[in-house]
Structure formats: structure tokens, C-alpha cells
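The values are calculated or read from the model by the stated rules, or taken from the named source; none is laboratory data. Just so it is clear, the structure is predicted and the values come from calculations on it, not from any experiment. Neighbour counts are summed over all protein chains in view; Cβ atoms, including those assigned to glycine, are modelled from backbone coordinates with ideal geometry. Just the protein is used for accessible areas: all its heavy atoms, side chains included, with ligands, DNA and RNA removed. Shrake-Rupley method; radii C 1.70, N 1.55, O 1.52, S 1.80 Å.
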Amino acid sequence: MMRGKPFFARLVIGGLRKPKITRPGVDVAGQVEAVGRNVTQFKPGDEVFGACRGAFAEYVCVIEDKLALKPANISFEEAAAVPVAAITALQGLRDEGRIQRGQKVLVDGASGGVGTFAVQIAKSFGAEVTAVCSTRNVDTARSIGADRVIDYTREDFTQSGQRYDLIIAANAYHSIFDYRRALRPKGIYVMAGGGGVQMLEGMFLGPLLSLIGSKKMRSFLARINKKDLVLLKDLLEAGKVVPVIDRRFPLSEAAQAIRYVEEEHAKGKVVITVEHDNET
Ligand SMILES: NC(=O)c1ccc[n+]([C@@H]2O[C@H](COP(=O)([O-])OP(=O)(O)OC[C@H]3O[C@@H](n4cnc5c(N)ncnc54)[C@H](OP(=O)(O)O)[C@@H]3O)[C@@H](O)[C@H]2O)c1
């Protein structure tokens, strides 16, 4: 999104030669300062979280359907870590993956922004969850509820012979054929993100492979909506989902925050904080 890479993704993001959307940032949490005259769901002073354009800012303008009241038990920083990553995990598991209680679910990229939510949300659906991450994140993956953790630096889960009902690749690092092999009959593979090759495979080979045999290979774009924000609010308030935050950067260091995220090894989410009248 930030660099317009791979190039073909610009067709989806918008803007072939330069970005159409020039104000970065999507996730937000904060307090309502003022409302438009047709707004019915919020009033000044409400504490909210959700998504908008240009979220790397002190003030943002948000459509009320992309906001929900902030869970009472978490901070603004934790709430700001939730919307896109958690909704991607939720919609990937529930809508694309048709997750069922008792299923064997594998989360590839389990220690990152989408993955840490996917592990916890899959557990909340009653699945048996295997998390895949690097050595330094094994303990984190266990602490958020993974039943089994595979360290990808020591074991390639696609070669181990284990089979899963649902595989969600928060970040896909294997070929679509490897993921397919690791599925049980009637299993579903869902790609949320990945490199250029994985994205092309997901978009073009996925639908074709889904026509052969009983396994389904899917990729999707998450849609932020109030219903799912409210569902996440309930999971957060029940303590079933807890945001994992790696680092916080002040707004003035947003560029460093993005560089850090680009390394693809952040543990959970990275949050940008806004100093405002001595309150964050
Ligand atoms: N479909 C949608 O609507 C949607 C929405 C939001 C995001 N996305 C996409 O979802 C993807 C994931 O986002 P994210 O925020 O979760 O990313 P992230 O926080 O950077 O997470 C990256 C994950 O990949 C793992 N990883 C890094 N190098 C690896 C390697 N060589 N082999 C295996 N695993 C490796 C990391 O594990 P370690 O740190 O333990 O190495 C970590 O778990 C991105 O591509 C993003 O663009 C899609």
C-alpha cells in the first residue's frame, strides 16, 4: 500500500503512477470532538475506534458506519491496534474460511498484526489452533492461546504430513500448491496477504485449483464495517481477544514506524501515539 508494490496491486489500491490516496493511515481510536448534523450514533465526548483515510493525524473525519464505541476495558492505543488487522482475521476465518468448532486451523504468520488476532479469534470459535512463527515469537504465540506452535526456522509445516481443515495465511510465504497439500479433503486455504508471487497465485490459480477436487483456495480484501467492529468490541471486553502491541511511535516518527513494520517481523501491531493536551 505504501510503496505501490507489487506493481499490479496499484490497480486495486488506485493510482498507476502515483498514489490516489496521499494521506496514509487507516486505523484510529480517539474521542469524538464534533459530529455532523445527520449523525445519530455518536456525540461529542464518545470514545470510539474504527477506520478512515488519513489516520496518521491529530484529527480525522470518519463516516459513522466505520466506527464503534471503544471497548471500555482497553486503552486508545490498544483500540487503535484492532480495526483492520482484527477484521481481516475475523472475515478470513469466518466468512472465507467457514471456521467450525473443533476444526484443526493453522495460522501462517501468526506473530504479526493479522496473525495475533487470527490465533485468538480462531480459539474463540472453538478451533484447535496451530501457529507458525519464528523462534523468538514462539512464547508469544503460546501466550495468546495457540495449542501448538511451529517454528518455521526449524520445521516446514507444508512438508510434515500434518493436514488442516483451514489454513489462513496472514502472510503467505509458501506456494499455493504447498498450502493445498497441507489441507485435509474439503479443507479451505485463505490468503490475507503475501508477496507478489503469492498474491498472483491466490488471485489467478486459486479459483482454478478450487474447481479441481474438494479443497478451496481463496484470497480476499477485508471490508471494515460496524457490525464486525461491535463483534470485536464484545470479544475484547470479554477478554477473549487482547491486542498484542510491539512498539509505539509518536506521530512525528510515523515514517520510522512504517519502516519498522516493513521489515515484516513486528510482534503484533505497531501503534502511533498522539500527544494532545498532555493526554495520549
Ligand atoms: N486481505 C486484506 O484485506 C488485508 C488486510 C490487512 C493486511 N493484509 C495483508 O496481510 C499481510 C500480513 O499483515 P501483518 O500486519 O500481519 O504483517 P506483519 O505484522 O508484518 O506479520 C508478518 C508475519 O510473517 C511472519 N514472517 C516474516 N518472515 C517470514 C518468513 N520468511 N517465513 C514465514 N513467516 C515469516 C512473521 O513472523 P516472525 O516475525 O515470527 O518472523 C509475522 O508473523 C500483509 O501482506 C498485509 O498487506 C491484508
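Note on the stretch 124-133: residues that are in a helix (DSSP H, G or I) and touching an Asp or Glu at 6+ places or on another chain (Cβ under 8 Å) amount to 0. Among the residues of the stretch 69-110, just one is near the ligand (Cβ under 10 Å from one of its atoms), farther than 19 Å from Val26 by Cβ and part of a helix (DSSP H, G or I), namely Glu96. Taking the criterion of being acidic (Asp, Glu) and either without any contact (Cβ under 8 Å) to a residue 60 or more places away in the chain or buried (at least 24 other Cβ atoms within 10 Å of the Cβ) (or both), the only residue of the stretch 85-111 that qualifies is Asp108. Would you confirm whether any residue within the stretch 234-247 is open to solvent by 70 Å² or more (accessible area, probe 1.4 Å) and over 20 Å from the mean Cα position of the chain (by Cα)? The answer is no; no qualifying residue exists. Checking each residue in the stretch 192-214 for being within 18 Å of Asp95 (Cβ to Cβ), more than 11 Å from the ligand (Cβ to nearest atom) and modelled with pLDDT of 95 or more picks out Gly206, Pro207, Ser210. Tell me, please, whether a residue that is more than 19 Å from the chain's Cα centre (by Cα), among the small types (Gly, Ala, Ser) and within 25 Å of Ala86 (Cα to Cα) can be found in the stretch 29-40. Checked the stretch 29-40: at least one residue is more than 19 Å from the chain's Cα centre (by Cα), among the small types (Gly, Ala, Ser) and within 25 Å of Ala86 (Cα to Cα).
Residues of the stretch 182-198 include at least one that is free of Cβ contacts under 8 Å to residues at least 60 places away in the same chain, at positive phi and of a type in the set (Lys, Arg).
Run down Tyr189, Tyr260, Tyr179 and say which single residue is aromatic (Phe, Trp, Tyr), open to solvent by less than 20 Å² (accessible area, probe 1.4 Å), closer than 20 Å to Phe117 by Cα and within 16 Å of the ligand (Cβ to nearest atom).
Just one listed residue meets the conditions, Tyr189.
Where residues in the stretch 220-232 are modelled with pLDDT of 95 or more and open to solvent by 40 Å² or more (accessible area, probe 1.4 Å), which of them is farthest from the ligand (Cβ to nearest atom)? Per the stated criteria, the residue is Val230. Selection over the stretch 1-20 of residues that are β-branched (Val, Ile, Thr) and surrounded by 13 or more Cβ atoms within 10 Å (Cβ to Cβ) gives a count of 1. Only one of the listed residues (Val114, Val149, Val119) is within 27 Å of Glu78 (Cβ to Cβ), aliphatic (A, V, I, L, M), open to solvent by less than 70 Å² (accessible area, probe 1.4 Å) and not in a helix (DSSP H, G or I). That residue is Val149.
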